[in-house]
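Worksheet: the structure to be examined is printed underneath.
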Amino acid sequence: MLIDELVHTCANEEVAKAAVFSLGLPFAGKVASAVQFRDQSIGAFVAQAVCRFAATAKDDERRSLLAAMTGKDQPLLAGLHFILVPVLEDEARAIGHAAAAHALGRPIITAQLEA
């Protein structure tokens, strides 16, 4: 039930953006850094990440998400944080690879950034 509520609310780009800023400016800054090379807003990036998790998460990932949310004062924000941390780590790696390729004069493969 909590997961469904998280997905339902954060699938809305405006709600997703507000939720990210509710997690604090340092975290919102990390999200903003992740989307600076994409042609999308923070809200769109976050909404897509949440919807992608909902569509592809395995049972054990859903159980881990539920455990991260259960008993928290703000379970939806805790769940959003749980979903976004690995997404941001993946983005940081992709951006790092793209920046390194650019510095070496190699073409940047945008499909890597979108994966």
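Structure values in brief
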| item | result |
| --- | --- |
| Residue among Val31, Val46 that alone is of a type in the set (Val, Ile, Thr), modelled with pLDDT of 95 or more and open to solvent by less than 30 Å² (accessible area, probe 1.4 Å) | Val46 |
| Filtered residues of the stretch 75-89 (kept if over 17 Å from Ala47 (Cβ atoms) and free of Cβ contacts under 8 Å to residues at least 24 places away in the same chain) | Ala78, Glu89 |
| Those residues of the stretch 13-36 which are among the polar types (S, T, N, Q) and over 11 Å from Leu88 (Cβ atoms), in sequence order | Ser22, Gln36 |
| Near pairs, Cβ below 6 angstrom, 6+ apart or cross-chain, from the stretch 4-17 (at positive phi) to any residue that is crowded, with 18+ Cβ neighbours inside 10 Å | none |
| Tally of residues being within 13 Å of Ile42 (Cα to Cα), in a helix (DSSP H, G or I) and open to solvent by 20 Å² or more (accessible area, probe 1.4 Å) across the stretch 1-21 | 6 |
| Search result, residues across the stretch 22-47 that are outside any loop (DSSP other than H, G, I, E, B), without any contact (Cβ under 8 Å) to a residue 24 or more places away in the chain and closer than 26 Å to Gly71 by Cα | Leu25, Pro26, Ala28 |
| Unique match (being surrounded by 15 or more Cβ atoms within 10 Å (Cβ to Cβ), closer than 18 Å to Gly24 by Cα and modelled with pLDDT under 95) among Leu77, Leu88 | Leu88 |
| Asp39 being closer than 19 Å to Glu91 by Cα, open to solvent by 30 Å² or more (accessible area, probe 1.4 Å) and of a type in the set (Asp, Glu) | yes |
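The values are calculated or read from the model by the stated rules, or taken from the named source; none is laboratory data. Small disclaimer: the values here were computed from a predicted structure and weren't measured. Counting neighbours? That spans all protein chains shown, and the Cβs are built from the backbone with ideal geometry, glycine included. All accessible areas refer to the heavy atoms of the entire protein, side chains included, with ligands and DNA or RNA removed. Shrake-Rupley method; radii C 1.70, N 1.55, O 1.52, S 1.80 Å.
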